[in-house]
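Undergrad: Submitted below is the structure of interest, expressed as structure tokens.
The values are calculated or read from the model by the stated rules, or taken from the named source; none is laboratory data. Not measured: the values here are computed from a predicted model. Ideal geometry is used to build each Cβ from the backbone, glycine not excepted, and the neighbour counts take in all protein chains shown.
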């Protein structure tokens, strides 16, 4: 191929929306999105403090005994200059944190696109239901480079939210007419790197030799993408505060060894299995044979994808009139309403925690708060987010979390062919 804070009090209205959605299969009414005219307020400084161990007289420290260094929570208000605000990890090159994040749209279906390239280098990955039973991924890059990322596919409306929240460049192969129009009306259209916005040469977007323009053969090198950002004069450090990190599992979790997520019947299944030795969740995905799962690997490394944190995010899904698929009668896309607040469940260190996601202003990084309405700490490391509709059935028992995506029809009233 070619070379490639506002105060975080959870509002009663959002909780009422969740209760109503769970009681009925009818989707909740559309929530007005936040506007750029709202002034963002800083998130409160969390008060989470690890407890000191009790010392007996015999074990009391003396003047000659050094005081042990206790682990400290990082974020959400500020981070040391060498700590990635999206992972809580110290980076070897702090200059990497002074660039604008990349949000790269990566395919998950058809299965021939797997293994994808570069997902293990992403700081965050968001997986969502696209249409017609398939999911897509949006990978967020800041600290790490990847020589090959993809395959890159077209954007969906959820990418407007993610590009705004992470102040990112949005990298896609293009978009449907309706999605492209919505992107053109956004406040970041100058940050969209796509064939549809004039990036038709390699670099930055490169197609494999002999590939048909309609197939899944579009890739990019993250350095090329940052070079474009630099040439546009917008490759600068962004305010990405809003997440918190602590290397010890907080109290109050429930044992959770497996997440089984069924996005469509039995032919779109994702599973996360906790590995005690590494303290991370390993990703498994369905194969061409129904019911069988296999390790999901990275094309660049050949290694299985893992995550320090896996987060199930429940958000209202509203059908639109934007046609995204013409097969089997046609399907329109969803507007996934990641604004306001809603339920979430964090899995880290083999434990599950009930949280609430919050995003009240257009430029807010999506935050997560605990029962005390304070930002809840993730485990330092990468995170994968799995988005479900509000009324998606779930069950959590004996360490196994199971969920099945359930959303309103994307075919009813979809103006295919009109």
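Undergrad: Just for strands (runs of 3 or more DSSP E) wholly inside the range 63-178: which have at least 2 residues that are over 17 Å from residue 194 (Cβ atoms)?
TA: Where strands (runs of 3 or more DSSP E) fall fully within the range 63-178 and carry at least 2 residues being over 17 Å from residue 194 (Cβ atoms), they are 124-131, 134-141.
Undergrad: In addition: Looking at the structure I just gave you, is residue 282 surrounded by fewer than 18 Cβ atoms within 10 Å (Cβ to Cβ) and either closer than 23 Å to residue 115 by Cβ or at pLDDT 95 or above (or both)?
TA: yes
Results for (1) within 30 Å of residue 329 (Cα to Cα); (2) more than 16 Å from the chain's Cα centre (by Cα), shown as yes or no for each residue.
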{"residue": "119", "(1), (2)": "no, no"}
{"residue": "123", "(1), (2)": "no, no"}
{"residue": "129", "(1), (2)": "yes, no"}
{"residue": "135", "(1), (2)": "yes, no"}
{"residue": "140", "(1), (2)": "no, no"}
{"residue": "154", "(1), (2)": "yes, yes"}
{"residue": "158", "(1), (2)": "yes, no"}
{"residue": "163", "(1), (2)": "no, no"}
{"residue": "168", "(1), (2)": "no, no"}
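Undergrad: Being within 20 Å of residue 123 (Cβ to Cβ) and either crowded, with 21+ Cβ neighbours inside 10 Å or more than 20 Å from the chain's Cα centre (by Cα) (or both), is that true of even one residue in the range 171-178?
TA: yes
Condition check ((1) touching a strand residue (DSSP E or B) at 6+ places or on another chain (Cβ under 6 Å); (2) farther than 19 Å from residue 155 by Cα; (3) modelled with pLDDT under 95) across all residues:
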{"position": "200", "(1), (2), (3)": "no, no, yes"}
{"position": "204", "(1), (2), (3)": "yes, no, no"}
{"position": "209", "(1), (2), (3)": "no, yes, yes"}
{"position": "213", "(1), (2), (3)": "no, no, yes"}
{"position": "216", "(1), (2), (3)": "yes, no, yes"}
{"position": "224", "(1), (2), (3)": "no, yes, no"}
{"position": "227", "(1), (2), (3)": "no, yes, no"}
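Undergrad: Taking residue 133, is it under 24 Å from residue 405 (Cα atoms), in contact with a strand residue (DSSP E or B) (Cβ under 8 Å, 6 or more places away or on another chain) and surrounded by fewer than 20 Cβ atoms within 10 Å (Cβ to Cβ)?
TA: yes
Undergrad: Identify the residue in the range 334-349 that is in a strand (DSSP E or B) and in contact with a helix residue (DSSP H, G or I) (Cβ under 9 Å, 6 or more places away or on another chain) and, among all such residues, is farthest from residue 387 (Cα to Cα).
TA: In this case the residue turns out to be 340.
Undergrad: Do we have any residue at all in the range 114-122 that's in contact with a strand residue (DSSP E or B) (Cβ under 6 Å, 6 or more places away or on another chain) and surrounded by fewer than 20 Cβ atoms within 10 Å (Cβ to Cβ)?
TA: Yes; the residues of the range 114-122 include at least one that is in contact with a strand residue (DSSP E or B) (Cβ under 6 Å, 6 or more places away or on another chain) and surrounded by fewer than 20 Cβ atoms within 10 Å (Cβ to Cβ).
Undergrad: Filter the range 305-333 down to the residues that are within 18 Å of residue 86 (Cα to Cα) and in a strand (DSSP E or B) and list them by number.
TA: Once the filter is applied, which keeps residues that are within 18 Å of residue 86 (Cα to Cα) and in a strand (DSSP E or B), the range 305-333 yields 306, 307, 309, 310, 311, 312, 313.
Undergrad: Let me ask something additional. For the range 300-322, give me the residue count where each residue is closer than 27 Å to residue 157 by Cα and over 17 Å from the mean Cα position of the chain (by Cα).
TA: Residues that pass the stated criteria total 5.
Undergrad: Taking residue 330 as the residue in question, decide whether it is surrounded by fewer than 20 Cβ atoms within 10 Å (Cβ to Cβ), at positive phi and at pLDDT below 95.
TA: The answer is yes for residue 330.
Undergrad: Scan the range 187-198 residue by residue and report those that are surrounded by 13 or more Cβ atoms within 10 Å (Cβ to Cβ) and over 25 Å from residue 97 (Cα atoms).
TA: 195, 196, 197
Undergrad: Looking for whichever is out of contact with any helix residue (DSSP H, G or I) (no Cβ under 8 Å at 6 or more places or on another chain) and either under 27 Å from residue 315 (Cβ atoms) or modelled with pLDDT under 95 (or both) here; the options are 166, 189. Which one fits?
TA: Residue meeting the stated conditions: 166.
Undergrad: While we're here: Specify which of the listed residues (233, 242) is touching a strand residue (DSSP E or B) at 6+ places or on another chain (Cβ under 9 Å), on the phi > 0 side of the Ramachandran plot and assigned to a loop (DSSP other than H, G, I, E, B).
TA: The match here is 242.
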